[in-house]
Amino acid sequence: MESKTPHLRHFILDSIPVAMVSMDANLTITSFNKRAEQLTGYTAKEAIGKPCHTILHSSRCAENCPLQTVQEGDMGTGLEAEFINRYHEHIQVRIGTAAIEDDKGNFMGFLEVIEDISRKKSLEREKNNFLFMVAHDMKSPLIAIQGLTRRIREHHDEMSKEHLNEYLKIITKASEQLEEQVKDFLTYSLQATANIKLKIEDVTVSGLINALVKRHQPLASEKKLTITQDFSSAGQIQADTQQLQRVFENLLDNAIKFAATAGKISISSQETDDEFIVKFKDNGPGIAAEELPFIFDAFYQSASGNNGHGLGLSAVKAIIREHGGRVSVKSNPGDGTTFTVRLPK
Ligand SMILES: Nc1ncnc2c1ncn2[C@@H]1O[C@H](COP(=O)(O)OP(=O)(O)OP(=O)(O)O)[C@@H](O)[C@H]1O
Ligand SMILES: [Mg+2]
């Protein structure tokens, strides 16, 4: 009977839907469940035996070690923090900590429970961004329609035919603009709720990107940008060609949009046993650290703003996730931005 206990415990730990990491009194990692592997990007083999700060990076570590509060007797539960994994992805988490004691109450070490709340948080933000944008974008055509219809109502007697026609034209245009916006929002809501159905086939990623670069060359030339491509291998994978094209098009579009005039964009690839990795690097203004966790949210745009809708990266993330891959960003203000896409082979 006894010999079965460790197995069961092991399976229970791996079945728990939150990351669980235990540490000894010196903060050396002693166990690491499956969710901890998924969240951090490290395997249990890599993590066990390492000091916790080399594997677990969260915004709380810099301010006030969550485990420190346990030592001081204050049970730390439900601290919200930003977690940074092996791939530099910023993930919003809730951290719970506890002291591990044996049955005599002797202190043995620490337990840290990390729950990934990024999906929940990003849905909340998306909803808020969405409502804000609906209200914001519909306001100007509505104001035009209201103002001009009032003017026509009050002054139509003394208005010339040309004047009246001019006003009616503006009203028609504003209402068409409103209709366009409503259509856009409906399309977005549909896309957001419908699961992306992939059409998996053989794809050569380098060929796909090469064709895209050619297509975007005129736009890049206008800004005097140099785009370099450096593929260590062709990148034969199984994926949905059209959806992947959307991914790379969005990343290239952003790189061109944000790169400095006469700047450089470099696209490079790497291959491991099980992944094909593509990097898009630009030398644009970069993204502030506090904005990084939000840029994959629908409708999120940096304060400086641009002509887009803030939807490109949310589509990129959804498509890559559907392929079983991951996308991450590394950026420093003034130092450009690098997006990394990892696709399973
Ligand atoms: N290469 C980049 N350099 C600097 N900032 C970037 C870069 N790529 C994305 N961003 C930031 O992330 C935000 C979201 O990007 P995303 O592609 O989702 O939207 P967008 O480009 O603004 O609009 P859309 O893609 O809908 O046309 C951008 O508005 C910008 O603030
Ligand atoms: Mg974009």
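The values are calculated or read from the model by the stated rules, or taken from the named source; none is laboratory data. Just so it is clear, the model here is predicted, and its values are computed rather than measured. Because the Cβ atoms are built from the backbone with ideal geometry, glycine has one as well, and the counts that use them run over all protein chains shown. Protein only, heavy atoms only, side chains kept; ligands, DNA and RNA dropped before computing areas. Shrake-Rupley method; radii C 1.70, N 1.55, O 1.52, S 1.80 Å.
Summary of values
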{"read-out": "Most mobile listed residue (E180, E158, E271) in the chain, GNM with C-alpha springs under 10 Å", "value": "E158"}
{"read-out": "Estimated Rh, segment 284-345: Kirkwood, alpha-carbon pairs, angstrom", "value": "12.3 Å"}
{"read-out": "Check: segment 121-193 dipole with +1 on Lys, Arg Cβ and -1 on Asp, Glu Cβ, in debye", "value": "240 debye"}
{"read-out": "Debye log10 I(q)/I(0) for segment 4-116, one point scatterer per Cα, at q = 0.14, 0.18 Å⁻¹", "value": "-0.53, -0.89"}
{"read-out": "Dipole of the chain [Lys/Arg +1, Asp/Glu -1 at C-beta], most positive-end residue of M108, V329, A47", "value": "V329"}
{"read-out": "Kirkwood Rh in Å, taken over all unlike Cα pairs in segment 83-139", "value": "14.7 Å"}
{"read-out": "Segment 201-344, accessible area per residue, ligands and nucleic acids excluded (1.4 Å, Å²)", "value": "47 Å²"}
{"read-out": "Packing-based order for 230-240, 309-319, using average beta carbon neighbours within 10 Å, highest first", "value": "309-319, 230-240"}
{"read-out": "Among 87-93, 143-149, the order from most to least packed when residues are scored by Cβ within 10 Å on average", "value": "87-93, 143-149"}
{"read-out": "Residue (of T228, V341, I95) at the positive-pole extreme of the chain, dipole from beta-carbon charges", "value": "T228"}
{"read-out": "Accessible area of the chain belonging to carbon and sulfur atoms, whole % at 1.4 Å probe", "value": "53 percent"}
{"read-out": "Residue-wise HN-Hα coupling along segment 93-110, computed from phi with Karplus coefficients 6.51, -1.76, 1.60 (Hz; x: Gly, Pro)", "value": "9, 10, 10, x, 10, 8, 8, 9, 10, 7, 5, 9, x, 7, 5, 10, x, 10"}
{"read-out": "Hydrodynamic radius (Kirkwood) for the chain, which is based on Cα pairs only, to one decimal in Å", "value": "23.8 Å"}
{"read-out": "Given charges at beta-carbon only (K, R positive; D, E negative), |dipole| of segment 267-334 in Debye", "value": "160 debye"}
{"read-out": "List D253, D157, ordered by accessible area with a 1.4 Å probe, largest first", "value": "D157, D253"}
{"read-out": "Cα-centred dipole magnitude for the chain, charges only on beta-carbon of K, R (+1) and D, E (-1), debye, nearest 20", "value": "780 debye"}
{"read-out": "CD proxy at 222 nm, helix term only [per DSSP H run n ≥ 4: -39500 (n - 2.57); per residue of the chain; nearest 500]", "value": "-14500 deg cm²/dmol"}
{"read-out": "Those lysines that a straight Cα-Cα span of less than 26 Å connects to K345, excepting residues fewer than 8 apart in one chain", "value": "K34, K45, K197, K199, K214, K279, K281, K317, K330"}
{"read-out": "Where labels lie 7 Å past Cα in the beta-carbon direction, separation of T149 and K127 in nm", "value": "3.1 nm"}
{"read-out": "Of V213, V134, V113, the one that fluctuates the most in a GNM where the chain has Cα springs shorter than 10 Å", "value": "V134"}
{"read-out": "Kyte-Doolittle mean at least -1.0, axial Cα span of 30 Å or more - DSSP H helices of the chain", "value": "118-155, 161-193"}
{"read-out": "Segment 215-332: translational diffusion in µm²/s, Stokes-Einstein, Kirkwood Rh over Cα pairs, 37 °C, 0.692 mPa s", "value": "216 µm²/s"}
{"read-out": "Net charge over other residues, Cβ less than 15 angstrom from the Cβ of A44 (K, R count +1; D, E count -1)", "value": "+2"}
